[in-house]
Amino acid sequence: MKFSDNLPLMRGLPCADLPTEESLILASGSPRRSQLLTAAGYAFTVQPASDEAECGMCSRETAPELVARYAYRKAADVAAKNDRGLVLAADTVASCYGQILGKPHDIEHAEVMLRQLSGRRHDVYSGVCVWSVSQNRCYVEVVRTELQMKTLSEEMLAHYLDSMMWEGKAGAFGFQDGNDWLEIIGGGSETNVVGLPMERLAEIFRDFDLLATAITTEKD
Ligand SMILES: Cc1cn([C@H]2C[C@H](O)[C@@H](COP(=O)(O)OP(=O)(O)OP(=O)(O)O)O2)c(=O)[nH]c1=O
């Protein structure tokens, strides 16, 4: 999936100075996150976290707790492999009436998710972790965006499922896919839905010295 430069969410993204002299490392294989950082003007390298960083579901965990934990684990995984670097990791899920919707396993799973979201309000949560390897300090935050999805006709559903655009996207739908199916409620962040809350990220970089805390033990 390629973003169109014409999509409003890719224009005018804020870019802040980094809080340390370290180079920025994006601990993510998500093409959306790379595109957002590039569009904002950040220089960075990509080192996706290993798959094990994103495993282990806890049945009582809420969506914000889950994305915070996964963002932390992905950052920790990549930080452990580097002597220096400002590591940025994130995790995104949709949440609808208490049910957490991650990336669909296959087309049947995508269909179940889309039928669940059709006509409903839901939230997208992105957890973000910024980790300074040289300072051994990090900061984790979760950003929520509330959305309303249109009621999908059978034809809309079948067409989108056939397009395979749902692949690798939490909740089986891409806000950026240009279908006009989703409306953001209350002025929340569009880029947060696509995987990185760029407005808040710039503030986190700016205020990192105040926000970050020392890393002591690995959070499970
Ligand atoms: C809700 C939504 C999610 N997404 C994407 C962002 C993320 O790439 C993906 C959620 O999966 P994640 O597990 O957050 O990220 P990832 O597996 O793509 O990459 P990594 O773990 O290496 O960081 O869903 C969209 O592209 N559009 C959307 O509207």
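Structural remarks
- Accessible area of the chain divided out per residue, in Å², using a probe of 1.4 angstrom: 49 Å²
- Cβ crowding within 10 Å averaged over residues, with 119-125, 171-177, 26-32 ranked highest first: 171-177, 26-32, 119-125
- Region 83-141: projected area of the alpha-carbon convex hull, averaged over directions, in nm²: 5.4 nm²
- For region 65-201, the relative contact order comes to 28 percent (Cα pairs under 8 Å, sequence separation of at least 6).
- Cα lying deepest toward the dipole's positive end in region 63-220, options Gly127, Thr191, Val93, charges on Cβ: Gly127
- Accessible surface of the chain [probe 1.4 Å, protein heavy atoms]: carbon and sulfur percent: 48 percent
- Only Cα pairs under 8 Å and 6+ residues apart enter the sum, and on that basis the relative contact order of region 7-112 stands at 27 percent.
- Largest first, the extents of the alpha carbon coordinates of the chain on the three principal axes equal 53, 40, 28 Å.
The values are calculated or read from the model by the stated rules, or taken from the named source; none is laboratory data. Predicted model, so just to flag it, every value in this text is computed and none were measured. In this analysis, Cβ positions are derived from the backbone assuming ideal geometry, glycine residues included, and neighbour counts consider all displayed protein chains. The accessibility values were calculated without ligands, DNA or RNA, using every heavy atom of the protein model including side chains. Shrake-Rupley method; radii C 1.70, N 1.55, O 1.52, S 1.80 Å.
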